[in-house]
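Undergrad: First, the structure itself, so that you have it in front of you.
Just so it is clear, none of the values below were taken in a lab; they were calculated from the coordinates. For clarity, every value in this text was computed on a predicted model and none was experimentally measured. Glycine also receives a Cβ, built like all others from the backbone with ideal geometry; neighbour counts cover every protein chain displayed.
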């Protein structure tokens, strides 16, 4: 990988998009993970105003600590970086209290986890609105276009996605190259939506390198019949997630009314 050129291309792309949008800067939600850390660095390197926002909702201390460490690192390098924190725990608790429960505990917990992401998205856009800024997405290629591992209108609700053509492996490589803090590079990837330490791998049933392999095989036209053992298992996981989350990855469908009816 030509990491210097990839870095330069993304920074240039961000600058061009910002200029064309007539906005003034960027807003990035900082989670304590590698994707948001890399995205924030690239946005900071544009030299345009960047607001890094921490949005804890009963967040683990480790995730909060990693996020703060990354923000301080950015601020020491880039004078255009500011930060703020909005603890959404009370807002979340208030909404949960007002929502009806259901018997399916698993489904309810998934819906509540997605509520985390949607509250954060709403808050990011509040700050983007008052600062005339763009909300920068932090999703990578496997999450955004492979398994759909994000919340629709949550962390999927953004203005632009600078690292969405990079796999997780490539994200880690570029993050190390630009100097993302060691604590983030060593931490197991997690979406931080559950209030515990479950990792992305725990939820997905496969590692990112495995899913990247499966994504490549899927686009080559392979089927589960072409594999055995763990490879077959991973391919089925990828295929199932891709199918189930396809609705997140395609444009919103529009019902086209027949001209004869108008």
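Undergrad: Name the most mobile residue of 251, 189, 162, meaning the one with the largest mean-square fluctuation, in a Gaussian network model of the chain with Cα contacts below 10 Å.
TA: 251
Undergrad: Given Cα pairs under 8 Å that are at least 6 residues apart, what percent is the relative contact order of segment 3-198? Could you put the intermediate results ahead of the total?
TA: Numbers: 304 pairs, mean separation 54.2, N = 196.
Relative contact order comes out at 28 percent.
Undergrad: Is segment 176-262 rounded, prolate or oblate when judged by the Cα gyration tensor, a ≥ b ≥ c being the square roots of its eigenvalues, rounded requiring a/c under 1.5 and prolate requiring a/b larger than b/c?
TA: oblate
Undergrad: Taking the chain as a Gaussian network, where each spring joins two C-alpha atoms under 10 Å apart, which residue of 225, 206, 188 fluctuates the most?
TA: Among 225, 206, 188, the largest mean-square fluctuation in the Gaussian network model of the chain belongs to 225.
Undergrad: How much FRET efficiency would the formula 1/(1 + (r/R0)^6) give for residue 202 and residue 15, where r is the Cβ-Cβ distance and R0 is 30 Å, rounded to 0.05?
TA: The pair residue 202/residue 15 has a calculated efficiency of 0.20.
Undergrad: Follow-up. If you count the DSSP beta bridges with both ends in the chain, what percent of them are antiparallel, to the nearest 5? Mind showing how you got there, number by number?
TA: Working: 0 of 14 bridges.
Percent antiparallel among DSSP bridges in the chain is about 0.
Undergrad: Only counting other Cβ atoms within 10 Å, I'd like 247, 177 sorted with the fewest neighbours first. Mind dumping the intermediate values first?
TA: Working: 247 11, 177 14.
By the 10 Å Cβ count, ascending, the order reads 247, 177.
Undergrad: Let me ask something additional. Please state the shape class of segment 112-253: rounded when a/c is under 1.5, otherwise prolate if a/b exceeds b/c and oblate if not, all from the C-alpha gyration tensor. Don't skip to the answer; put the middle values down first.
TA: On the way: a/c = 1.81, a/b = 1.49, b/c = 1.22.
Verdict is prolate for segment 112-253.
Undergrad: What ranking do 45, 222 get, fewest neighbouring Cβ atoms within 10 angstrom at the top? It would help to have the intermediate numbers written out before the result.
TA: Numbers: 45 20, 222 15.
Lowest to highest Cβ neighbour count: 222, 45.
Undergrad: Additional query: Provide the packing ranking of 147-154, 5-12, 26-33, i.e. peptides ordered by the mean count of other C-beta atoms within 10 Å per residue, highest first.
TA: So the peptides 147-154, 5-12, 26-33, ranked by packing, come out 26-33, 147-154, 5-12.
Undergrad: Given q = 0.20, 0.23, 0.24 Å⁻¹, what are the Debye log10 I(q)/I(0) values for segment 140-182, with equal point scatterers placed on the Cα positions and solvent ignored?
TA: -0.68, -0.82, -0.86
Undergrad: Within a 10 angstrom radius of the beta carbon, how do 81, 158 rank from fewest other beta carbons to most?
TA: 81, 158
Undergrad: Still on this structure, I have one more. So I have (i) 17.3, 53; (ii) 19.6, 69; (iii) 19.2, 63, and one of them is Rg and Dmax of the Cα atoms in Å calculated from this model. Which one is it?
TA: Checked against the structure: label (iii).
Undergrad: Moving to a separate point now. Taking springs between alpha-carbon atoms closer than 10 angstrom, which of 157, 205, 98 fluctuates most in the Gaussian network model of the chain?
TA: Taking springs between Cα atoms under 10 Å, the residue moving most is 98.
Undergrad: With an 8 Å Cα cut-off and a minimum separation of 6 or more residues, compute the relative contact order for segment 1-97 in percent. Walk me through the numbers before you get to the answer.
TA: On the way: 122 pairs, mean separation 26.1, N = 97.
Relative contact order, segment 1-97: 27 percent.
Undergrad: Would you give the gap between the C-alpha center of segment 16-59 and the C-alpha center of segment 231-247, rounded to a whole Å?
TA: So the two Cα centres are separated by 30 Å.
Undergrad: Assuming a ≥ b ≥ c are the square roots of the Cα gyration tensor eigenvalues, decide whether segment 112-167 counts as rounded (a/c under 1.5), prolate (otherwise, with a/b larger than b/c) or oblate.
TA: Values: a/c = 3.73, a/b = 1.34, b/c = 2.79.
Because a/c hits 1.5 or more and a/b fails to exceed b/c, segment 112-167 counts as oblate.
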